[in-house]
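The values are calculated or read from the model by the stated rules, or taken from the named source; none is laboratory data. Remember, it's a predicted structure, so these values are computed and weren't measured experimentally. Cβ placement follows ideal geometry from the backbone for every residue including glycine, while neighbour counts extend to all protein chains displayed. Protein only, heavy atoms only, side chains kept; ligands, DNA and RNA dropped before computing areas. Shrake-Rupley method; radii C 1.70, N 1.55, O 1.52, S 1.80 Å.
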Amino acid sequence: DAKTTQPNSMESNEEEPVHLPCNHSTISGTDYIHWYRQLPSQGPEYVIHGLTSNVNNRMASLAIAEDRKSSTLILHRATLRDAAVYYCIRSRNSGNTPLVFGKGTRLSVIA
Amino acid sequence: DSGVTQTPKHLITATGQRVTLRCSPRSGDLSVYWYQQSLDQGLQFLIQYYNGEERAKGNILERFSAQQFPDLHSELNLSSLELGDSALYFCASSTLPDPLEQYFGPGTRLTVT
């Protein structure tokens, strides 16, 4: 049970921003939000993670709702290389809680 | 390149056989995770090791076993193979035991005929 809900697929035009939503309405106070992506024929790739505050890194931004029941991964300028399956995962901050991957959102980028 | 290496890249074997998949984590990472990805089940966590000790267990079959060696590389042993074991097997590593940032290898594609 991945305990997050994502759209099955999304489409974006190249060089435009992409907002990938994730619902995690049953999240608890110590749960982290993680995003990974998997490009075709490759292993999953870490994108970003956060707890309460919005986070930025060189790959993307993570916007977490104030009530933490949802979050949005933002790719500021989509490129063809960003076409992948994006997984939103919640996990407890404990050493014995592995990541549970759901089905993710398949992002297509149109040139 | 994540820094995690897995060998072999491809493996074809027959039902009933035994195989060993190998993973070398990123330099300095103490934690190793194994995942199975099949078309119908998606990406499933199998087992985690931290500094040589088993730390968490997922949906790993009794026919499967793993270990992490003193040099921190890990091996996943799959025995009495069945057609349904055909899948991609990924190894991931992280610095800490908490999986906040995991780095995945390129995977081993196992085909059981």
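Out of region A:1-42, which residues are of a type in the set (V, I, T) and closer than 16 Å to A:H76 by Cβ? Scanning region A:1-42 gives a single hit, A:V18.
A:T30 versus (1) touching a residue at least 12 places away in the same chain (Cβ under 8 Å); (2) open to solvent by less than 40 Å² (accessible area, probe 1.4 Å); (3) within 14 Å of chain B (Cβ to nearest Cβ): which is the lone unmet condition? The single condition A:T30 does not satisfy is (2). Out of B:F64, B:F45, which single residue is free of Cβ contacts under 8 Å to residues at least 60 places away in the same chain, away from chain A (no Cβ under 12 Å), open to solvent by less than 90 Å² (accessible area, probe 1.4 Å) and not basic (K, R)? Of the residues listed, the single one that is free of Cβ contacts under 8 Å to residues at least 60 places away in the same chain, away from chain A (no Cβ under 12 Å), open to solvent by less than 90 Å² (accessible area, probe 1.4 Å) and not basic (K, R) is B:F64. For region B:1-38, the set of residues classified as open to solvent by less than 40 Å² (accessible area, probe 1.4 Å), part of a strand (DSSP E or B) and in contact with a His (Cβ under 9 Å, 6 or more places away or on another chain) consists of B:C23, B:S24, B:V32, listed by residue number.
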